[in-house]
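Asks: Starting off with a structure, shown below.
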Amino acid sequence: MLKAKVEVRLKKGVVDPEGKNITKALHLLHFNEVKEVKVAKVFEIFIADEKKEEAMKKVDEMCKKLLANPVINEYSISIEEIHD
């Protein structure tokens with residue numbers, strides 16, 4: 001079995017309102033050393049009986065069709081073999 005880890009984050013220059021709100025909340029909690037927070041989503045996708053190369057292509061297609069908005073997001077994919 002393979003596990004694909006996909007990290008989706010906003011492209012540079014795209015406003016991250018959730019990250020800004022978290023930064024403000026941390027300052028209110030007196031964590032004033034925090035300069036910026038950026039929020040990302042992580043997806044773990046478990047794939048049965050695939051070769052890594054084929055799985056990478058399929059996960060990339062999943063990102064393009066559903067998991068990431070190509071206008072505002074960028075993403076990275078890593079794949080590892082896991083044993084049940």
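Asks: Before we move on, is LYS65 in contact with a Lys or Arg (Cβ under 9 Å, 6 or more places away or on another chain) and basic (Lys, Arg)?
Replies: no
Asks: Separate question: What tally of residues in the stretch 26-84 results from selecting those that are acidic (Asp, Glu) and in contact with a Ser or Thr (Cβ under 9 Å, 6 or more places away or on another chain)?
Replies: Counting residues in the stretch 26-84 that are acidic (Asp, Glu) and in contact with a Ser or Thr (Cβ under 9 Å, 6 or more places away or on another chain) gives 1.
Asks: Restricting to the stretch 21-54, what's the tally of residues that are surrounded by 14 or more Cβ atoms within 10 Å (Cβ to Cβ), free of Cβ contacts under 8 Å to residues at least 24 places away in the same chain and under 18 Å from the mean Cα position of the chain (by Cα)?
Replies: Result for the stretch 21-54: 2.
Asks: Do we find that LYS24 is farther than 30 Å from HIS83 by Cβ, in contact with an Asp or Glu (Cβ under 7 Å, 6 or more places away or on another chain) and modelled with pLDDT of 95 or more in this structure?
Replies: no
The values are calculated or read from the model by the stated rules, or taken from the named source; none is laboratory data. The structure displayed is predicted, hence computed values, not measured ones. Cβ: placed from backbone, ideal geometry, glycine included. Neighbour counts: every protein chain shown.
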